[in-house]
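Handing you a structure now.
The values are calculated or read from the model by the stated rules, or taken from the named source; none is laboratory data. Every value quoted in this text rests on a predicted model; they were computed, and no experiment measured them. Note that each Cβ is placed from the backbone with ideal geometry, even for glycine, and that neighbours are counted across all protein chains shown. Remember, those area values only see protein heavy atoms, side chains included, never the ligands or the DNA or RNA. Shrake-Rupley method; radii C 1.70, N 1.55, O 1.52, S 1.80 Å.
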Amino acid sequence: MRLNKGQLYIISAPSGTGKTTISRRLLKVLPNIRESVSYTTRSPRAGEIDTVDYIFVSVETFRDMLKNNAFIEYAEVHGNLYGTALATIQEVLSEGNDVLLDIDTQGARQIRNKHIKATSIFIIPPSIDALYQRLKKRNTESDEVIHRRVEKARDEVREGMLYDYIIVNDNLDQALRELSSIITANRVRGNCIDKDWVEKTFHI
Ligand code: 5GP
């Protein structure tokens, strides 16, 4: 049984660090945690499914949602808009699950500035060269785009130093163990416990 209420986790990393692989594996091995599906204006990539990978919307729909304060954070990344809807988070939390937000450093900063309680985890590649090699191996971006992403990675790593936890991904299993340990330890922290439940159960 769980003593704690659902928590928010933010995970960010420079493009090509292996964040998606680590997050997907985490969701398979750790119970009671779900990913928040973001809204985006970018087009689906081959194999991506609407409402599973993202909720793909037009720029007009996104702007309307922005006007209606539907997002707890949003950002423009590589020319497209991405946002986390408050309703999505509330839905996952109401099911008694933790929420994993796979968002960029701009979004994480907005959540921090709004003083929303969240645990942030930043994943870094073992070196700039390793990042460059990984992006090249992926073979999905041109040399120019790879160069831009590597340059952006430096700024992201600087911002990443403000996160609660930093994980170096030079070994996937080790990185997954570290991420899983952070969440597991956090779940039993005294300040995450559902005090209402304790008071009711023990009549205190
Ligand atoms: P991609 O288009 O490759 O799936 O994602 C590009 C970047 O956008 C990634 O760094 C990802 O973490 C970030 N991202 C995805 N969804 C959101 C979101 O809802 N908010 C913010 N701020 N960033 C997001």
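Rolling a 1.4 angstrom probe over the protein heavy atoms, how many square angstrom per residue are accessible across the chain?
Values: 11520 Å² over 204 residues.
Spelled out: the 1.4 Å probe surface of the chain, per residue, equals 56 Å².
Cross-link partners among lysines for LYS28, C-alpha distance below 23 Å, same-chain residues fewer than 8 apart left out?
LYS5, LYS19
So, one more: Could you give the length gained on full extension between ILE116 and THR20, defined as 0.36 nm per residue of separation minus the Cα-Cα distance, in nm?
Numbers: separation 96, 0.36 × 96 = 34.56 nm, distance 2.36 nm.
So the chain would gain 32.2 nm between ILE116 and THR20.
What FRET efficiency comes out for VAL52 versus MET161 if R0 is 22 angstrom and r is the Cβ-Cβ distance? Round to the nearest 0.05. All intermediate terms of the calculation are to be shown ahead of the outcome.
Working: r = 33 Å, r/R0 = 1.48.
It comes to 0.10.
Right, here's the next one. Obtain the radius of gyration and the Kirkwood radius of the stretch 103-204 from its C-alpha atoms and give Rg over Rh.
Rg/Rh: 1.13.
Give me the orientation-averaged projected area of the Cα convex hull of the chain, in nm², one decimal. Can you show the working numbers first?
Numbers: hull surface 50.0 nm².
The Cα convex hull of the chain, projected and averaged over all directions, gives 12.5 nm².
Could you give the radius of gyration (one decimal) and Dmax (whole number) of the Cα atoms in the stretch 1-122, in Å?
Using the Cα atoms of the stretch 1-122, the pair Rg, Dmax is 14.1, 44 Å.
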